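The values are calculated or read from the model by the stated rules, or taken from the named source; none is laboratory data. These numbers were taken from a predicted model, which means no experiment stands behind them. FYI the Cβ positions are ideal-geometry reconstructions off the backbone, even for glycines, and counts take in every protein chain you see. Remember, those area values only see protein heavy atoms, side chains included, never the ligands or the DNA or RNA. Shrake-Rupley method; radii C 1.70, N 1.55, O 1.52, S 1.80 Å.
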Amino acid sequence: MISLDITHSPFMKVHCGETNDWLSENVGELIHDDPEISYGKGWRITFDPAHEGEGRWIAEFEEERHAMLFLLRWS
């Protein structure tokens, strides 16, 4: 898994419906959507509340090419 800290990414400023649609179309079909964890085929977005007291959002991808595509779109 390739992990990216997306806490300050433009991805986090977009409505979750739009981001889930983008992930489903470009990485893999959405399987589960919940406020603290969303995942689909080949990807997962989670919240880590323990990180430095404020927490952080992490995107994980099974394939490097999907992580790179994410970075190209949302950086």
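Tabulated data
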read-out: Filter result (buried (at least 17 other Cβ atoms within 10 Å of the Cβ), farther than 14 Å from T7 by Cβ and of a type in the set (A, V, I, L, M)) within region 37-75; value: A67
read-out: Hits in region 27-36 - residues which are surrounded by 15 or more Cβ atoms within 10 Å (Cβ to Cβ) and in contact with a Ser or Thr (Cβ under 8 Å, 6 or more places away or on another chain); value: L30
read-out: Residue in region 3-26 that is open to solvent by 80 Å² or more (accessible area, probe 1.4 Å) and in contact with a Lys or Arg (Cβ under 6 Å, 6 or more places away or on another chain) present; value: yes
read-out: Pair list, Cβ under 6 Å, 6 or more apart: region 46-75 residue under 19 Å from H32 (Cα atoms), other residue in a strand (DSSP E or B) and basic (K, R); value: D48/R56; E60/R44
